Amino acid sequence: MRPAVHPLTRQSHRGVCQITVMPRSGSLLLALALAASLALVVDARLTSEEVALWNTHTFGYLQSGTPTGKVVTFGAGAAAVKAYVATPPGGKPQAAVILFTDIFGWDLPNIRLWADRLAKAGFLAVVPDFFRGDKLTGQDFMGFLARQPEARVLKDFETVRAAVKKAYPGVKAFGQQGFCWGGYYTAKLSTPAEPRVAAAVGYHASLLAPADIDAITGPVMIQQADPALDTQINATFYAYIEKAFQAKRAKGGEAFITYYKDQPHGFALRGDGATPETLKAANNAFNAGLQFLKKRLLPPATAAATAAKAPKAAAAAVKPAGAAEFFGSPAAAAALGRASGAGAVAP
Ligand SMILES: *[C@@H]1O[C@H](CO)[C@@H](O)[C@H](O)[C@H]1NC(C)=O
């Protein structure tokens with residue numbers, strides 16, 4: 001049984017954040033209007049309703065960088081799956097990470113920029129369109145999720161994995177990262193049953209039940225929002241997972257969970273980059289997941305050789321991103337922060 005809550009319960013409680021500043025002078029009004037106009041999302045792929053929801057940060061914060069990967073089709077005929085692919089410097093990846101997106105899907109800039117960062121660090125990063133062209137409309141989360149059956153998603157994963165193996169013969173190991181909706185599949189791919197991956201990392205995972213946790217053998221790492229702020233894994237459930245993972249580790253398993261205090265659901269991918277605490281937490285979460293996968297997917301000699309050949313890329317892997325790198329231009333990041341009002345919380 002899946003819990004009868006959708007992955008964004010919290011944001012629906014919060015609703016649209018409000019600007020409480022009351023401008024008194026014309027110039028302040030002008031400055032605020034300018035900040036607001038800089039913050040406006042202009043994205044042809046989004047409907048006007050979606051644009052409005054992003055502009056009010058109902059869904060979190062849309063990043064404004066430009067992804068540098070490419071879109072390809074894996075598999076053929078009815079099995080064909082589109083995917084965004086980011087390749088590492090040198091173009092000869094030895095390991096691939098398949099990213100399972102949040103409910104906002106594979107064409108959100110945020111997930112593609114995340115994939116670009118994984119690629120810079122040495123992985124082939126693949127973001128399949130597991131929703132097969134379907135898009136969330138408005139806030140009909142449950143209706144949307146009902147149209148994404150698990151059997152189809154897992155079959156598409158197999159299609160993508162097989163096609164990547166063929167296209168990149170150097171890829172010897174597969175890892176997974178899952179965000180919110182995709183975090184459920186972090187657990188699914190971490191059991192002895194097929195399909196599975198060599199290591200998986202979940203970020204503010206959604207839709208998990210205790211039985212999913214029990215079934216995990218790992219290696220797995222879960223990077224969570226503050227359980228006090230995330231209804232998907234609340235304090236009770238978090239404690240359950242912690243205990244279950246402890247028991248797995250006592251038997252030699254590799255299962256880890258940690259959380260970021262005061263960070264809400266979605267922070268690592270859709271957090272407010274103009275808030276230093278959120279930026280720091282998102283960077284730490286990114287790097288924790290990266291190191292976890294590197295250690296298990298890339299042989300140490302390879303990792304060292306890659307670092308020696310491409311010192312810049314290796315440095316980029318551990319250097320925390322600044323607001324500009326992570327969330328777009330400083331002006332845009334600052335404007336996004338100001339327009340949101342102090343203390344606004346990304347879902
Ligand atoms: C916490 O989450 C669990 C599992 O989803 C649920 O059964 C329980 O009712 C939740 N507790 C609270 C206080 O919300």
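Taking the criterion of being touching a helix residue (DSSP H, G or I) at 6+ places or on another chain (Cβ under 7 Å), within 16 Å of the ligand (Cβ to nearest atom), of a type in the set (A, V, I, L, M) and not in a loop (DSSP other than H, G, I, E, B), the only residue of the range 154-211 that qualifies is 187.
Regarding residue 54, is this residue crowded, with 18+ Cβ neighbours inside 10 Å and modelled with pLDDT under 95? Judged against the criteria, residue 54 is a match. Right, residue 102: surrounded by fewer than 20 Cβ atoms within 10 Å (Cβ to Cβ) and under 24 Å from residue 265 (Cβ atoms) or not? No: the conditions fail for residue 102. Among the residues of the range 213-249, those that are β-branched (Val, Ile, Thr) and not in a helix (DSSP H, G or I) comprise 216, 217, 220, 222, 231, 233. Taking the criterion of being within 18 Å of residue 263 (Cβ to Cβ) and either within 11 Å of the ligand (Cβ to nearest atom) or free of Cβ contacts under 8 Å to residues at least 12 places away in the same chain (or both), the residues of the range 212-238 that qualify are 227, 228, 230, 231, 232, 233, 234, 235, 237, 238. For the condition touching a Lys or Arg at 6+ places or on another chain (Cβ under 8 Å), on the phi > 0 side of the Ramachandran plot, part of a loop (DSSP other than H, G, I, E, B) and of a type outside the set (Lys, Arg), residue 122 qualifies.
Table: residues versus (1) of a type outside the set (Gly, Ala, Ser); (2) out of contact with any Leu (no Cβ under 7 Å at 6 or more places or on another chain); (3) modelled with pLDDT under 90.
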| position | (1), (2), (3) |
| --- | --- |
| 4 | no, yes, yes |
| 17 | yes, yes, yes |
| 48 | no, yes, yes |
| 66 | yes, yes, no |
| 73 | yes, yes, no |
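Consider the range 133-146 and keep the residues that are part of a loop (DSSP other than H, G, I, E, B) and within 18 Å of the chain's Cα centre (by Cα). The one that is surrounded by the most Cβ atoms within 10 Å (Cβ to Cβ) is 136. Name the residues in the range 250-289 that are part of a helix (DSSP H, G or I) and more than 23 Å from residue 59 (Cβ to Cβ), would you? The answer is 250, 287, 288.
The values are calculated or read from the model by the stated rules, or taken from the named source; none is laboratory data. Every value quoted in this text rests on a predicted model; they were computed, and no experiment measured them. Here Cβ is always computed from backbone atoms with ideal geometry, including for glycine, and neighbour counts include all displayed protein chains.
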